[in-house]
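Q: Can you keep this structure in mind? I'll have questions shortly.
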Amino acid sequence: MSISRRKFLGWLGVAGISTVLDKRVYAASNKHFSGYPDSGGVLYDNVLCIGCRDCENGCNQVNELPQPDKPFDDLSILDNKRRTSPKAYTVVNRYDGIKDAKGPVYRKIQCNHCLEPACASSCFVKAYTKTETGAVTYDSSVCVGCRYCMIACPFEIPTYEYDKALTPRIMKCTMCYPRLLKGKLPGCVQLCPTEALTFGKRTQLIKTARERIRKYPDRYIDHIYGEHEMGGTSWLYLSGVPFRDLGMREDLGITPAPELTKGALGSVPIIVGLWPAVLTGMYALSKRKEKIAREEKEEAVATALAKASAEAEEKLSKVLTEAEVKNQTAIEGAVKKALGKVADNQTKEGT
Amino acid sequence: MPRESATASKTVLSSFDQALKDLVKALRETFISPFGFVYIIIILLGLILTILRFTKGLAGVTNLSDYNAWGIWIGFDLLTGVALAAGGFVTSAAVYIFGYKKYHFAVRPAILTGFLGYALVIVALNYDVGRPWRMPYPFILQQGTTSVLFEVGACVVLYFLVLFMEFCPAALEWLGLKKLRKQLIKLTLVLTIFGVILSTLHQSSLGSLFLIAPSKLHPLWYSSYLPIFFFVSSVFAGFSIVIFESALSHRFFGDKMDEALQKGREDLALGFGKAASLVLAGYFAVKIFGISVDNHWHLLGTPYGIWFLVELLGFVALPCFLYAVGVRDRNLTIIKWAAICTVIGVMLNRLNISLIAFNWHLPSADRYFPHWMEIAISVFIVTLGIVAFRIIASMMPILHDHPDYND
Amino acid sequence: MKKRRSLIGLAGILLTVTIVFIYTGRAHLAQEPSGYSKGKRADIVTIDIMSKFGPLERSEVMFLHDLHTETLEKKKKDCTTCHLMEKEDPSLPRPARLSLKFKRHKDLDKQEVMDIYHNECMACHKEMSDEGEKAGPIEACGECHLKETNVSSSQQPIILDKSLHFRHSEANKDTETGEGDCALCHHEYNKSTKKLFYAKGKEGSCRYCHKMVTEENRISVRLASHQACVDCHRKKLDQNKGKTSGGEHVAGPVKCSGCHDLKNQQEIERVKDVPRIKRNQPDIVLIQANGRNPDKQKSTLKMNPVPFDHRAHEQYNDTCIECHHESLDSCTKTCHTQRGSRDGADIQLERAMHQIDAKISCMGCHETKQQDKNCAGCHTFMAKNRKHIESTCLVCHMTPSGGGPENGQKPEVFAGMLLQTRSVLKDTYSDEDIPEKIIIGELMYQYGPVEFPHRKIVKTLVSNIVDNRLAGYFHAEKGTICQACHHNSPETKKPPNCTSCHGRPFDEKNPLRPGLKAAYHQKCIGCHEEMNIEKPSPTGCADCHKIVGLPQL
């Protein structure tokens, strides 16, 4: 097949450009996002938590979620460990028998509203937004339902309405973003009787948490969970017992999730840029090899032909010369014979 | 002039007529046959389950949960499907870029396998994704360019178009549209290069999908080299699937294969087998380096470590060795088994990463095992592919050259 | 054919490699030790004596001592089966005892020690197994030198408190003279003659000399206590064998679990009112900043001294070592001087007395006493590192009347005088001054008003502490106990009410101050939890207020 160079390069250009769709891919940098200024957060202190489930109630009411089978003041439900579900953006779990704990310890589970959320990074249709209030919101009007966010979230928070056939949505805590915009508190924070949930600016909450630890070093573990985990979260935790005893993973590291895929995404333009050159080069190489092979073959054929024709010519001329000599002899013989015959005839007539 | 075009369009019409006749014949051959009955049952079941899926939602047909968002439709249909459809770009690259003209006959079957493979991936996605009619949204509404999945989606769509365009000449020959076919043939090299670029991108990106979840994937399988592992394994998966598919075609479509294909089979198996052995060896080496870099040797003694070794030794090292022996001894049977072993190995690797070694830390009550309906739908989708391959291969010049064209 | 064989051969190699990996992986799983019971035991002795000679070649052995003692008992064998008797040494103030080492007196040579263990242990095991009895390991190294076991130690340290000490000294008294035989256990070491001797009047805790590890000649407290205690018990039991009809207490335990098992410890008989140990200790001490100057007539008091009732404190504690942690001398004599000294690890007197998180200091001990449920309701929420108000200091550091002791007056007498003048809580304000019920009617959305039984609570709090001298001194002012709830304000008869300071929650300017709702709940629920009050329970909302409406969101 033949194609002009210009056309070829033209096609390549189009091919290349159409694969590089994001022009703002940052190369590996030392940028660190520490939250929008004045962004809010919630500090959950399980030393103050009494496991009353008023927070679950508040969340259920504010978000108009369906009523559960057992009412919120039925604390027997704490006998089982639960996780977030499409009908419960937040749950409280009770942990008994933890070493050195004076009684049962509670843990409230909900979206941690990370500073650099894995869900937002992984969503290919930008359904998640890290808002300036600190809340990570979800837009169900664009969600395709690929559920990659559920794979990505290290805290295993997003839940999916699998039982809905045509309008399934991701369901997760929204930090009551609409209420935050009106200056109100999130539903769970509003109803907590002991202020185990404190709402405020994230930077201030960290200071408050440090102060609580400083004041009561024997009541708190000296660590604010969420200060640095996965690059930092807006929901911070203080605990009186080691976090891992409550099922909170302490091995998540401090690398924010988007950082984990930055390298792979950054390699896309490199491949798009280099591969055409490399592959064209291989093509050129193989073409050149073919050409050389062809030329060598032609040369070999030509040499062989030339040799053969030379030989043939020689043979021909030899045969021709032979034939001519033969001819000549034959002619001379015939002439002689003819002359002889004429002489004979003359002699016969002369007498 | 008008008279010429009248004749030309008459030829086209007559070709269309012939094409339709071919289609009916192929359909009859496929479905009215001993195995055809099985196809019909599977397809009927699949259609019923499809209705269930879209009336009862994912909860009605799968065992997916909030802990396990991706099941075998992603692990098998998407990940394995894409890996095994790599035969297309591997073969066309070998022939058009690296100049292995002697495998030319293998390009069309490989492209068809690839094309159908990607088509089936898109079909499977329509089942798995919550709102499949919204799949164009990332491209037309909001581009989530921080997401690896965006890049996967874009490349898969583009590559599907490339495959379609590479497949078209065969269809156009069948339909008798000579001019269009000629134009398309001119694009072969560009499409091939484009195809290799896109394949590199999306094969590796399928691995990159899991980079975001280090806390959920077992450390022996999680590595920052995941994209490289996925791409390299797709290369030998491609070689192996072509060898395997040529063996199958020989068995089931032997009558449709032309002489070039029949004779070239052995050469193809040897050549691709050699290449696969080499790439498998390289892959084995980088896997070992991956363990070494993170110093995970001690994990090899754990139960998951044993499983990892089964995958690595039994389905990477073993086929590498078998290929080498088969090529040296020119033994097609060994090569065929090596191909099967490699294909199973790639499937095992994808299933390990997406389902088995994923969420390994969760208690067994929260782990995932597919619902029989999920398996049935996967079987249905694969069956659709097989049936389509059959029909197309018997109608169109895939396994043989069209007598009217010889370029 | 040849090719197929080589194929099979290599496949076989791969399989073998995989199986080897599986087995090396399994080796990490805990092995089931033979004859060992799972769970917690108090008699685990870790035999790692070979670490003295270099790094261990095999893991240490978990030796179950009571198991062996009981087995030998059944065979009518005693401790001398394994432990050798020391030679009698007349210079020692105590009789010869059994060596604590296994079948030897000294650890001389690495090979010798190892051989002793191996030969003797295995010989006995073999003997028993030959007789058809269940015995320990005989041959396999790994059966004793286990990598991982599923037994763990439940050993609790045993403290010889004053009750036990009294029982011991009574048991060893000379029945005629009534003189105690302190030399049985108490001795000192003469560095020049390198001999032990008994110094009367200088008896102290074993731990003053015998530390956690053996140092050269001085054995660890563990070895010392086992030698002194267990061997004496053993001798007594031996002597009285057959003489008692059983049931009478002859001596203490010889088995590990007898002392170190928690349940057994709790069953040790406690003497209720232990008579005071006679060790020439003072009744009352005047703790002064600049130490005593016996030559001067009038001690130069540089700041308010602390009259210290030593005798009363003896009653409050079970051992002397709780305060006298290094010796029975006065704290300031050589160690915790005002300016600090090397002997006292540079811990000055101030810190020794006041370090609030050290239980061994005065304030530290008082702080831990506040963990009692009568105190904890309020005191848990007072941060340890709070700034103490001056009036608290003056409870101990009493202003000396007349500037100091009179001429010739002994400091102790002066101290005793001061102590008499220290005020203590007797009762609280009269009923008219304490409102009986407070109706807490703010924030009524979901819940109705709370009828708070104010007077009842005040009276309960007062009655809880009025018998406790420590509490009584620090709550001498009637208004102090009101500060339990009316906190962060001065001590007064009319303290501010909660709503004066607590209002809107999450005030940026006062981040540590809860809003009104949380102020009530944290204070009330917190106190109830610390005081172990069951009703009203923390989550029993209706116990305090009736539900009247919906939550305000």
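The values are calculated or read from the model by the stated rules, or taken from the named source; none is laboratory data. Fair warning: this is a prediction, and the values are worked out from it, not measured in the lab. Glycine gets a Cβ as well: all are built from the backbone with ideal geometry, and neighbour counts include every protein chain shown.
Q: Is it true that some residue in the range B:85-93 is within 8 Å of another protein chain (Cβ to nearest Cβ) and of a type outside the set (Lys, Arg)? Break it down into steps so the answer makes sense when it comes.
A: The initial filter retains those residues of the range B:85-93 that are within 8 Å of another protein chain (Cβ to nearest Cβ), namely B:93.
Narrowing further to those that are of a type outside the set (Lys, Arg): B:93.
Yes, some residue in the range B:85-93 is within 8 Å of another protein chain (Cβ to nearest Cβ) and of a type outside the set (Lys, Arg).
Q: What strands (runs of 3 or more DSSP E) completely inside the range C:139-229 contain at least 1 residues that are of a type in the set (Asp, Glu)?
A: Qualifying strands (runs of 3 or more DSSP E): C:188-190.
Q: Further question: In the range A:89-129, which residues are closer than 25 Å to residue A:202 by Cβ, in contact (Cβ under 8 Å) with a residue 24 or more places away in the chain and part of a strand (DSSP E or B)?
A: A:91, A:92, A:93, A:105, A:106, A:107, A:108, A:109, A:114
Q: Residues in the range B:42-71 that are in contact with a Ser or Thr (Cβ under 6 Å, 6 or more places away or on another chain) and part of a helix (DSSP H, G or I): how many?
A: Final tally of qualifying residues: 1.
Q: What pairs come up if the first residue lies in the range B:1-25 and is under 17 Å from residue B:175 (Cβ atoms), the second is of a type in the set (Ser, Thr, Tyr) and modelled with pLDDT of 80 or more, and their beta carbons are under 9 Å apart, counting only those six or more places apart or on different chains?
A: B:22/B:394; B:25/B:394
Q: Which of the following residues is under 21 Å from the mean Cα position of the chain (by Cα), within 10 Å of another protein chain (Cβ to nearest Cβ) and more than 21 Å from residue A:273 (Cα to Cα): B:152, B:129, B:162, B:148?
A: Residue meeting the stated conditions: B:129.
Q: Among the residues of the range B:208-216, are any under 27 Å from residue B:303 (Cβ atoms), within 10 Å of another protein chain (Cβ to nearest Cβ) and among the hydroxyl-bearing types (Ser, Thr, Tyr)?
A: If we filter the range B:208-216 for residues that are under 27 Å from residue B:303 (Cβ atoms), which is where we start, we get B:209-216.
Right, trim to within 10 Å of another protein chain (Cβ to nearest Cβ) and you get B:209-216.
Going one step further and asking which of them are among the hydroxyl-bearing types (Ser, Thr, Tyr), we end up with B:215.
For the range B:208-216, residues under 27 Å from residue B:303 (Cβ atoms), within 10 Å of another protein chain (Cβ to nearest Cβ) and among the hydroxyl-bearing types (Ser, Thr, Tyr): present.
Q: Any chance you could count how many residues in the range B:282-315 are of a type in the set (Gly, Ala, Ser) and within 24 Å of the chain's Cα centre (by Cα)?
A: Looking only at that region, the number is 2.
Q: Please state which of the following conditions residue A:150 fails to meet, knowing it meets all the rest: (1) more than 9 Å from every other protein chain (Cβ to nearest Cβ); (2) outside any strand (DSSP E or B).
A: Every condition holds for residue A:150 apart from (1).
Q: Could you list all residues from the range A:224-257 that are farther than 20 Å from residue B:218 by Cβ and among the charged types (D, E, K, R)? If you could, list the steps in order and put the result at the bottom.
A: Pass one, the range A:224-257, residues farther than 20 Å from residue B:218 by Cβ: A:224-229, A:231-243, A:245-246, A:248, A:254, A:256.
Within the range A:224-257, A:227, A:229, A:245 meet the criteria.
Q: Do we find that residue B:265 is assigned to a helix (DSSP H, G or I), of a type outside the set (Val, Ile, Thr), under 23 Å from residue B:94 (Cα atoms) and within 14 Å of chain C (Cβ to nearest Cβ) in this structure? So that I can check it myself, show each step before the final result.
A: Numbers: assigned to a helix (DSSP H, G or I): yes; of a type outside the set (Val, Ile, Thr): yes; under 23 Å from residue B:94 (Cα atoms): yes; within 14 Å of chain C (Cβ to nearest Cβ): no.
Against the criterion (assigned to a helix (DSSP H, G or I), of a type outside the set (Val, Ile, Thr), under 23 Å from residue B:94 (Cα atoms) and within 14 Å of chain C (Cβ to nearest Cβ)), residue B:265 does not qualify.
Q: Of the conditions (1) within 12 Å of another protein chain (Cβ to nearest Cβ); (2) buried (at least 18 other Cβ atoms within 10 Å of the Cβ), residue B:313 fails just one. Which one is it?
A: (2)
Q: Sticking with this one: For the range C:447-553, give me every one of the helices (runs of 4 or more DSSP H) that falls completely inside it and has 3 or more residues that are touching a residue at least 12 places away in the same chain (Cβ under 8 Å).
A: So the answer is C:454-465, C:469-474, C:516-530.
Q: While we're on this one: Which one is surrounded by the fewest Cβ atoms within 10 Å (Cβ to Cβ) among residues in the range A:34-59 that are without any contact (Cβ under 8 Å) to a residue 60 or more places away in the chain and at the interface with another protein chain (Cβ under 10 Å from one of its Cβ atoms)?
A: Taking the candidates together, the pick is A:51.
Q: Please find, within the range A:153-164, the residue that is nearest to the chain's Cα centre (by Cα) out of those that are under 16 Å from residue A:114 (Cβ atoms) and more than 7 Å from every other protein chain (Cβ to nearest Cβ).
A: A:153
Q: Just checking, how many residues over the range C:67-112 are of a type in the set (Asp, Glu) and over 19 Å from residue C:236 (Cα atoms)?
A: Count: 4.
Q: Just for the range B:287-302: of the residues that are in contact with a helix residue (DSSP H, G or I) (Cβ under 7 Å, 6 or more places away or on another chain) and part of a helix (DSSP H, G or I), which one is surrounded by the most Cβ atoms within 10 Å (Cβ to Cβ)?
A: Ranking the qualifying residues of the range B:287-302, first place goes to B:287.
Q: Separate question: Could we say that residue B:247 is assigned to a helix (DSSP H, G or I), touching a residue at least 60 places away in the same chain (Cβ under 8 Å), of a type in the set (A, V, I, L, M) and crowded, with 24+ Cβ neighbours inside 10 Å here? Full working, then the answer.
A: Working: assigned to a helix (DSSP H, G or I): yes; touching a residue at least 60 places away in the same chain (Cβ under 8 Å): yes; of a type in the set (A, V, I, L, M): yes; crowded, with 24+ Cβ neighbours inside 10 Å: no.
Taking the combined requirement at face value, the residue does not satisfy it.
Q: A further question follows. Any residue at all in the range B:99-109 that's aromatic (Phe, Trp, Tyr), under 25 Å from residue B:208 (Cα atoms) and more than 13 Å from chain A (Cβ to nearest Cβ)?
A: No: the range B:99-109 contains no residue that is aromatic (Phe, Trp, Tyr), under 25 Å from residue B:208 (Cα atoms) and more than 13 Å from chain A (Cβ to nearest Cβ).
Q: When you look at residue A:88, is it within 14 Å of chain B (Cβ to nearest Cβ) and either out of contact with any strand residue (DSSP E or B) (no Cβ under 6 Å at 6 or more places or on another chain) or polar (S, T, N, Q) (or both), yes or no?
A: Judged against the criteria, residue A:88 is a match.
Q: Something else about it: Take the residues in the range B:54-70 that are within 7 Å of chain A (Cβ to nearest Cβ) and touching a residue at least 24 places away in the same chain (Cβ under 8 Å), then tell me which one is farthest from the chain's Cα centre (by Cα).
A: Residue satisfying both the conditions and the ranking: B:67.
Q: Then there's this: Considering the range C:398-437 alone, what residues qualify as being touching a Pro at 6+ places or on another chain (Cβ under 9 Å) and among the aromatic types (Phe, Trp, Tyr)?
A: C:414
Q: Select from the range A:259-282 the residues that are more than 7 Å from chain B (Cβ to nearest Cβ), closer than 18 Å to residue B:92 by Cβ and aliphatic (A, V, I, L, M) and list them in ascending order.
A: Correct list: A:278 only.
Q: Something else now. If you check C:99, C:59, which single one turns out to be more than 29 Å from residue C:253 (Cα to Cα), in contact with a His (Cβ under 6 Å, 6 or more places away or on another chain), at pLDDT 85 or above and hydroxyl-bearing (Ser, Thr, Tyr)? Lay out the reasoning, then the answer.
A: Details: C:99 fails: more than 29 Å from residue C:253 (Cα to Cα).
Checking each option against the conditions leaves just C:59.
Q: Regarding the range C:500-522, can at least one residue be identified that is more than 14 Å from chain A (Cβ to nearest Cβ) and out of contact with any strand residue (DSSP E or B) (no Cβ under 7 Å at 6 or more places or on another chain)?
A: The answer is yes; a qualifying residue exists.
Q: Please go through (1) at the interface with another protein chain (Cβ under 9 Å from one of its Cβ atoms); (2) surrounded by 14 or more Cβ atoms within 10 Å (Cβ to Cβ); (3) farther than 30 Å from residue A:222 by Cβ; (4) not aliphatic (A, V, I, L, M) for residue A:290 and return the number of the only condition it doesn't satisfy.
A: Exception for residue A:290: condition (2).
Q: Also, I was wondering about something else. Hey, any hits in the range A:207-214 for a residue that's assigned to a helix (DSSP H, G or I), surrounded by 13 or more Cβ atoms within 10 Å (Cβ to Cβ) and within 8 Å of chain B (Cβ to nearest Cβ)?
A: No.
Q: So residue A:188 passes all but one of these: (1) part of a helix (DSSP H, G or I); (2) crowded, with 24+ Cβ neighbours inside 10 Å; (3) at the interface with another protein chain (Cβ under 8 Å from one of its Cβ atoms). Which condition number does it fail?
A: (3) is the only condition that residue A:188 fails.
Q: Among the candidates C:527, C:482, which residue alone is more than 12 Å from every other protein chain (Cβ to nearest Cβ), surrounded by 17 or more Cβ atoms within 10 Å (Cβ to Cβ) and farther than 26 Å from residue A:213 by Cβ?
A: One residue alone meets the criteria, C:482.
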